[in-house]
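The structure appears right after this line, and notes come after that.
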Amino acid sequence: MKNWAGNLTFSAKECIEIDSTSELQSIVSKASGIKVLATGHSFNDIADTAQTQISIKNLSNEIEIDATNKVALVPAGMQYADVCRYIEKKGWALFNTASLGEITVAGAVLTGTHGSGSGNPVLSDCVDGIEMVLASGDLYSIAREDSEEFPGFVVSLGALGVFTRLRLKIVESFSIRQFVYENIGIQSIAENFDAVFDKAYSVSYFSNWKKNTTGQIWMKFLDDNNLPQLPTVWLDGNIANAKQHPVKVNDPSPCTDQMGTSGKWLYRLPHFKLDSSPASGDEVQTEYLVDRSHVSEYIAELSNIGDEIADRVYATEIRTIQSDDLWLSGAYGRQTVGFHFTWKKSESLANFLAKIEEILGKHAGRPHWGKLLSTSQEELAGRYPKYSSFEELLKKYDPSKKFRNSFINRYFINY
Ligand SMILES: Cc1cc2nc3c(=O)[nH]c(=O)nc-3n(C[C@H](O)[C@H](O)[C@H](O)COP(=O)(O)OP(=O)(O)OC[C@H]3O[C@@H](n4cnc5c(N)ncnc54)[C@H](O)[C@@H]3O)c2cc1C
């Protein structure tokens, strides 16, 4: 079996679909090595194991909404598309989404998956409580309000146990209007970074970094009374009057509606419609989450190798993310910018990634845990102030090391 991108063949000796929590507890307690495979949208071996790989998608499909406390108890193995549709039907919303709805809630939360918005933290940040099965097979619940360890559990890479249900903070349903500006050069973005990225609820800049070419700004505005008057010409570009795909030459029909038509959050915040797949899987991705205060330096250095990047990518995206307190989150403790690359598969990519890492790893830039990364353990450890605290959690909650795999062994060596 392979991951979504097909760049990794899993090495599990068995794959089991779990049907009940008691079955899950029994399998976990007896296993010597075990990992959950969710939708396999990660590009590295984070979900791999040589032992037992399990799917929990059949565990439950019931969502409970607590309107008084504004939280939803959600099955961890449920895909965002299903979660979003259900809670919208009940009049509620999540504060943000990733670019697509196919991924599961646990898979996204555990890797610090994010959307965009200077005031929007990673999706993991709306987790308020976790229900899980520990290595012993025992059920365990942990909530933000009653444990100092909680910020270490949320983005925990599947290394502390199997998440079964997550309590997510919800907000009242809202609407979004999405506009695209095209023909915007990267220099304009560098010179007007705050003006661009703080202009709307969620903003993304797509380009291929080629010198003297331009890109698109996608802006998602809250559809409220504060919607600004948008000029038809802005910076060095113009507002698009036809629907766009992030890769200009591609068919835009899978993309969510643009040109300012109002739509509910779940039909506008993801770049791609909930029932469509953004791509065939013939790609791999890398992303670095960097300190926003150094953004001009990163843009200047990436621009210097812009033509080399353009030769290798389908698309790239810049997003902003609000600071959080989750120990292994890419946005831990600082306002963050995400530099994302959707690469064409190629033999020479690994060498080129080292070049990207050299630039974006500066000032403690952190790689996305679910994408390709070339950072060494030593470098990585120095970029997360709570790295050793997380290793203490590994020691305490997985003493028999059954949730270890090659990925965890590579990056967490002191437990
Ligand atoms: C087309 C595409 C678009 C993407 N867009 C974005 C984006 O907009 N923003 C962004 O930040 N990232 C994005 N990603 C990356 C993606 O969000 C992450 O790789 C995410 O982890 C994938 O979720 P998944 O459900 O497929 O989990 P998997 O890849 O299957 O698993 C991820 C990790 O979580 C563990 N895990 C999963 N479920 C459980 C559980 N219940 N209990 C314990 N451990 C568990 C797995 O063992 C593994 O360690 C994208 C990826 C793709 C392929």
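The values are calculated or read from the model by the stated rules, or taken from the named source; none is laboratory data. Because the structure is predicted, anything quoted here is derived from the model rather than measured. In this analysis, Cβ positions are derived from the backbone assuming ideal geometry, glycine residues included, and neighbour counts consider all displayed protein chains. These accessible areas exclude ligands, DNA and RNA; they are computed on the full protein's heavy atoms, side chains included. Shrake-Rupley method; radii C 1.70, N 1.55, O 1.52, S 1.80 Å.
Scanning for something among the hydrophobic types (A, V, I, L, M, F, W, C), near the ligand (Cβ under 10 Å from one of its atoms), open to solvent by 20 Å² or more (accessible area, probe 1.4 Å) and assigned to a strand (DSSP E or B), does segment 3-12 turn up at least one residue?
No, segment 3-12 contains no residue that is among the hydrophobic types (A, V, I, L, M, F, W, C), near the ligand (Cβ under 10 Å from one of its atoms), open to solvent by 20 Å² or more (accessible area, probe 1.4 Å) and assigned to a strand (DSSP E or B).
If you take the residues of segment 42-56 that are in a loop (DSSP other than H, G, I, E, B) and of a type in the set (S, T, N, Q), which of them is most open to solvent (accessible area, probe 1.4 Å)?
Q51
Checking the structure you have, find out if any residue of segment 296-316 is within 16 Å of T97 (Cβ to Cβ), open to solvent by less than 60 Å² (accessible area, probe 1.4 Å), within 14 Å of the ligand (Cβ to nearest atom) and out of contact with any Pro (no Cβ under 7 Å at 6 or more places or on another chain). Steps first, please.
Taking segment 296-316 first, the residues within 16 Å of T97 (Cβ to Cβ) are none.
Looking through segment 296-316, none of the residues is within 16 Å of T97 (Cβ to Cβ), open to solvent by less than 60 Å² (accessible area, probe 1.4 Å), within 14 Å of the ligand (Cβ to nearest atom) and out of contact with any Pro (no Cβ under 7 Å at 6 or more places or on another chain).
Select the helices (runs of 4 or more DSSP H) contained entirely in segment 70-181, then report the ones holding at least 3 residues which are under 15 Å from the mean Cα position of the chain (by Cα), near the ligand (Cβ under 8 Å from one of its atoms) and modelled with pLDDT of 95 or more.
Details: elements: 80-89, 105-110, 150-153.
Those helices (runs of 4 or more DSSP H) span 105-110.
State yes or no: is I65 over 23 Å from the mean Cα position of the chain (by Cα), outside any loop (DSSP other than H, G, I, E, B) and over 20 Å from L24 (Cβ atoms)?
yes
Name, by its number, the condition in (1) under 24 Å from L123 (Cα atoms); (2) part of a loop (DSSP other than H, G, I, E, B); (3) basic (K, R) that does not hold for R319.
Here R319 meets the rest and fails (2).
Within segment 13-27, which residues are β-branched (V, I, T) and open to solvent by 30 Å² or more (accessible area, probe 1.4 Å)?
Within segment 13-27, I16, T21, I27 qualify.
Applying the selection to segment 28-41, what residues are within 13 Å of the ligand (Cβ to nearest atom) and open to solvent by 30 Å² or more (accessible area, probe 1.4 Å)?
V36, A38, T39, H41
What number of residues within segment 317-335 satisfy the criterion of being in contact with a helix residue (DSSP H, G or I) (Cβ under 6 Å, 6 or more places away or on another chain) and open to solvent by 10 Å² or more (accessible area, probe 1.4 Å)?
4
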